[in-house]
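No value in this document is a laboratory result; all are computed from the given coordinates. Fair warning: this is a prediction, and the values are worked out from it, not measured in the lab. All Cβ positions, even for glycine, are placed from backbone atoms using ideal geometry, and neighbour counts span all protein chains on display.
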Amino acid sequence: MSFVPLRAPPRIKVLEALGAVAGKRVKIKDEKNCYVDASEGPRTYRVFVDLSNQIAQSDDNGTVFRDYVGYPIIAFLMALGKISYNEKIANHIAAIKWRSLNEQYKSYAKVESVIKKLLSQHGIKPEEVDEFVAKVLQEVEQLGLRKQVI
């Protein structure tokens, strides 16, 4: 068996994961397995996380093709209470259609800017969002997750 280290994801994936948890799209099967429904469309991601062996698998594009910790993995870790969750931010992004936004703006940075504007209308400062995202990225990095390759 060989493993590939998973890199930190793009910043927007932290918010996408937060929205998945808030939108009740994380369906926990047991402490190592869950399903995460996409924000729109029929897609459901399968997620496996074994923190004791630092293994994480998900069939989302980021994890499979780009070797980063995909948002379904982050969402599962948030749902399990293994990494930070911010209810104040989450409540306002639970219904976001991430795929449409990503396709419309074709830039994660632009999508993040749109989300920050939306959140600022609810009294959440951009710095607050930045601090939360940085904290989660640091927590994810400290887990040292890797995926198995065949």
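Observations, loosely collected:
- Under 5 Å from the amide H of residue 85 lies no amide H of any residue 5 or more positions distant or on a separate chain, with H modelled from the backbone and absent for Pro and chain starts.
- Placing +1 on the Cβ of every Lys and Arg and -1 on the Cβ of every Asp and Glu, with nothing else charged, gives the range 78-140 a dipole about its Cα centre of roughly 260 debye.
- As a ratio to 2.2 N^0.38 Å, the alpha-carbon radius of gyration for the range 38-87 is 1.16.
- Within the chain, the proportion of C-alpha pairs whose separation exceeds 24 Å stands at 26%.
- For the chain, a Gaussian network of Cα nodes joined below 10 Å ranks 30, 50, 60 by mean-square fluctuation, and the top entry is 30.
- Too-long pairs where the Cα-Cα distance tops 24 Å, listed order kept, from 29/110; 24/88; 13/116; 88/110: 29/110
- Using alpha-carbon coordinates, inclination of helix 126-143 to the longest axis of the chain, degrees: 0
- Folded to 0 to 90 degrees: helix 108-120 orientation relative to the chain principal axis, Cα: 50
- Amide hydrogen proximity for residue 70: with H placed 1.01 Å from N in the peptide plane, the residues at 5 or more positions away or on another chain lying under 5 Å are 63.
- Projected label distance in nm at residue 8 and residue 66, using a 7 Å step from Cα toward the beta-carbon: 1.5
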